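First comes the structure, then the notes that go with it.
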Amino acid sequence: MIHIEKLGVYLSRPVAFIVVVIYLLQSALLVYLVNEKFDLEKQVNFQQKRIAELEEKLQLYKVIEDFQIGFTQEETGQLTSVIYEESKKYHYDPLFLVAVIVTESSFKKHEVSDSGAVGLMQLRSLAGSSVADVAGVPWKGKQTLMQPEANIKLGCAYLFGQILKFKDVKKALVAYNVGETKLRGLMKENKPMPRAYLNKIAELYKSLKETYTLDS
């Protein structure tokens, strides 16, 4: 017999053993149920986040579809994924990137400027090759810039690099447009930055925000 004085209870060893086992089983069940509830909540949160991402991508697809020139539906879908992922990577608003691309190339496939800038984000080989490693894009010369997805990745990385250098988005955009050397020269001489490019992006970005809704 087991004598528990404070409670005034006397239990035989077999009964005491059964009581302990029941207690342990109840405790284990409680832990299991708590863990199951936690796992279920995690799954629900994950699915809700996934649904929100898909809805945002669908809205972004519609934006790109309205502006793109020369891309198939499949290619538009691929561009949507790249722009979405690069936006998350560098903390851009996807609509901001669309505004930059439309300003640079009118979203035309394989666009090449008279000055030799290539692709959706109008990059030159020197700029593209300088950020290829950071962007995770295998550099194979100028032809790499003709690949729309690679062009966007390189353009996003290059713009982000300018933001880090100048600590200012407006200056970074001007450097992206006219070149870092020219901008530094203007700053050194205390001359004003060119405004036309900035104004065009700002106006287009504002218009996109008013027309389309992307829930980040």
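Given LYS88/LYS209; LYS142/LYS167; LYS171/LYS191, which pairs have Cα atoms separated by over 19 Å? In this structure, LYS142/LYS167 exceed 19 Å between Cα atoms. Rounded to the nearest 500, the helix-only mean residue ellipticity at 222 nm of the chain stands at -23500 deg cm²/dmol, with each DSSP H run of n ≥ 4 adding -39,500 (n - 2.57). Reported value for the chain: 230 Å³ per residue, from the convex hull of its C-alpha atoms. Scanning residues 5 or more positions from LEU123 or on other chains, those with amide H under 5 Å from its amide H are VAL118, with H placed 1.01 Å from N in the peptide plane.
Stretched out straight at 0.36 nm per residue, the stretch from LYS109 to TYR90 would grow longer than its current Cα-Cα span by 4.5 nm.
Take the Cα of THR211, step 7 Å toward its Cβ, do the same at LYS37, and the gap between the two points is 4.9 nm. Using C-alpha pairs under 8 Å with a sequence gap of at least 6, the mean separation divided by the residue count of segment 87-216 gives a relative contact order of 19 percent.
For segment 147-216, GluC sites (Glu not before Pro) are listed when DSSP marks them as loop and at most 15 other Cβ atoms sit within 10 Å of their Cβ; the list is GLU189. Couplings 3J(HN,Hα) of segment 109-117, computed from phi: 5, 6, 5, 10, 7, 5, 8, x, 6 Hz, in residue order, whole Hz [Karplus 6.51 cos²θ - 1.76 cosθ + 1.60, θ = phi - 60°; x for Gly and Pro].
Read-outs: derived from the displayed coordinates by stated rules, not from any lab. On a predicted model such as this, the values are computed, not experimentally measured, just so you know. FYI the Cβ positions are ideal-geometry reconstructions off the backbone, even for glycines, and counts take in every protein chain you see.
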